[in-house]
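Peer 1: Okay, here's the structure, questions in a sec.
The values are calculated or read from the model by the stated rules, or taken from the named source; none is laboratory data. The structure presented is a predicted model; accordingly, all values stated were derived computationally and were not measured. Backbone-built Cβ (ideal geometry, glycine too); neighbour counts: all protein chains shown. SASA here: full protein model, heavy atoms, side chains in, ligands and nucleic acids out. Shrake-Rupley method; radii C 1.70, N 1.55, O 1.52, S 1.80 Å.
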Amino acid sequence: MSTTQPRSRLDRAQVIAAAIAHADECGLEATSMRKVAERLHVTPMALYKHVENRSELIDEMLDHVLALLPEPGDQEGWRPQVRARILACRSLLGRHPWMREAIETRTLATPQALGHMDALMAAMFDGGLSADLVHDAMHTLSTRMWGFTREAMPTPRVPDDPGEREQAIAEFTANYPAIMRMATLASHAGAGCDDDAEFAFALDLILAGVHQLHQGGWR
C-alpha cells in the first residue's frame, strides 16, 4: 500500500506568499516567476493559472503587505492619524524593503494603495481641511506617504588615503563652506544620519505647515 501523500493543490495565496518570502530574502529584481516556481517546487507555467504575469504578481504582493497596515486607533485629530498611518507604512517598508521598488514601478495604484491614500485624505477632510489643501498636502507628502523619501544627490566619497583625504577635505571646504559647516557642526557629525529621525522630522514639518495653513484659512 502506498504511503505517498497527495500534493496539495497550489492556490493564489501560496503563490503570493512565496513571492513575498523570496523578495524579502533576495529583493524584488531577483523575484521572477521562475524563482517563485522553484520555491514552490512547481513549473513556472503552474503560476500562470493564478497570476497573469510578473507585474500582476507584484501588484498582489504589494496589496497583501499594505493590507497589514493597522488603523491609527483612537488618535485625536487629523495630524496624529496621518502621522501614525505613514509611520506604520514606513515600519512595513523596514520589514519588506522591496516595497519601495514595487511602489515606484507600478503604472497604476493598486486597490490597497488607493485605500491607503484614501484613508490619509479622509483624515484630513475629517479635520476640516479643504479639498484644495488636501490636494496640495498629498503632493507635498509625495513618496513620504509610503514611508520613504527620495534623497538628494550624494556628496563625494572621502578618499581612504590620509594625505588624499586631507587635501580633498581642504578643497571641499574652500569650495563648499556651508556644506562642510553643516557636516562638521551638526550634532550627528561623524556618527551618520538617523534615517528614521530625519524622516519623522520632515513629516512633522510638512504636517505642521499644512495645519498652520488650515488654521489661517488658506485658499
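Peer 1: For segment 21-41, how many residues meet the condition of being open to solvent by 30 Å² or more (accessible area, probe 1.4 Å), in contact with a helix residue (DSSP H, G or I) (Cβ under 9 Å, 6 or more places away or on another chain) and over 16 Å from residue 94 (Cα atoms)?
Peer 2: Counting residues in segment 21-41 that are open to solvent by 30 Å² or more (accessible area, probe 1.4 Å), in contact with a helix residue (DSSP H, G or I) (Cβ under 9 Å, 6 or more places away or on another chain) and over 16 Å from residue 94 (Cα atoms) gives 8.
Peer 1: If residue 57 meets every condition in (1) surrounded by fewer than 17 Cβ atoms within 10 Å (Cβ to Cβ); (2) at pLDDT 95 or above; (3) not polar (S, T, N, Q) apart from one, which number is that one?
Peer 2: (1)
Peer 1: May I pose another question? Mind checking which residues of segment 95-128 are part of a helix (DSSP H, G or I), touching a residue at least 24 places away in the same chain (Cβ under 8 Å) and open to solvent by less than 60 Å² (accessible area, probe 1.4 Å)?
Peer 2: Within segment 95-128, 99, 102, 103, 113, 115, 116, 117, 119, 120, 123, 124 qualify.
Peer 1: Any idea which residue in segment 129-177 is least open to solvent (accessible area, probe 1.4 Å), counting only those that are basic (Lys, Arg) and more than 18 Å from residue 104 (Cα to Cα)?
Peer 2: Among residues in segment 129-177 that are basic (Lys, Arg) and more than 18 Å from residue 104 (Cα to Cα), the one least open to solvent (accessible area, probe 1.4 Å) is 165.
Peer 1: Taking residue 180 as meeting all but one of (1) assigned to a helix (DSSP H, G or I); (2) exposed (fewer than 10 other Cβ atoms within 10 Å of the Cβ), write down the number of the exception.
Peer 2: Only one criterion in (1) assigned to a helix (DSSP H, G or I); (2) exposed (fewer than 10 other Cβ atoms within 10 Å of the Cβ) is unmet by residue 180, namely (2).
Peer 1: Among all residue pairs at least 6 apart or on different chains, which show Cβ distances below 6 Å where the first residue, located in segment 1-18, is under 15 Å from residue 47 (Cβ atoms) and surrounded by 11 or more Cβ atoms within 10 Å (Cβ to Cβ) and the second is at pLDDT 85 or above and not aliphatic (A, V, I, L, M)?
Peer 2: 12/50; 15/50; 16/60; 16/64; 18/39
Peer 1: Does any residue of segment 142-155 turn out to be closer than 17 Å to residue 84 by Cα, of a type in the set (S, T, N, Q) and part of a helix (DSSP H, G or I)?
Peer 2: yes
Peer 1: Given the residues 173, 149, 110, which is the only one that is at pLDDT 85 or above and touching a Ser or Thr at 6+ places or on another chain (Cβ under 7 Å)?
Peer 2: Going through 173, 149, 110 in turn, just one is at pLDDT 85 or above and touching a Ser or Thr at 6+ places or on another chain (Cβ under 7 Å): 149.
Peer 1: Quickly run through segment 184-219 and pick out the residues that are farther than 29 Å from residue 91 by Cβ, under 31 Å from the mean Cα position of the chain (by Cα) and either assigned to a loop (DSSP other than H, G, I, E, B) or at pLDDT below 85 (or both).
Peer 2: Across segment 184-219, the qualifying residues are 184, 185, 218, 219.
Peer 1: Answer yes or no as to whether residue 86 is touching a Lys or Arg at 6+ places or on another chain (Cβ under 7 Å) and in contact (Cβ under 8 Å) with a residue 24 or more places away in the chain.
Peer 2: yes
Peer 1: Given the condition part of a loop (DSSP other than H, G, I, E, B), among the charged types (D, E, K, R) and out of contact with any Gly (no Cβ under 9 Å at 6 or more places or on another chain), answer yes or no: does some residue in segment 55-67 qualify?
Peer 2: There is no residue in segment 55-67 that is part of a loop (DSSP other than H, G, I, E, B), among the charged types (D, E, K, R) and out of contact with any Gly (no Cβ under 9 Å at 6 or more places or on another chain).
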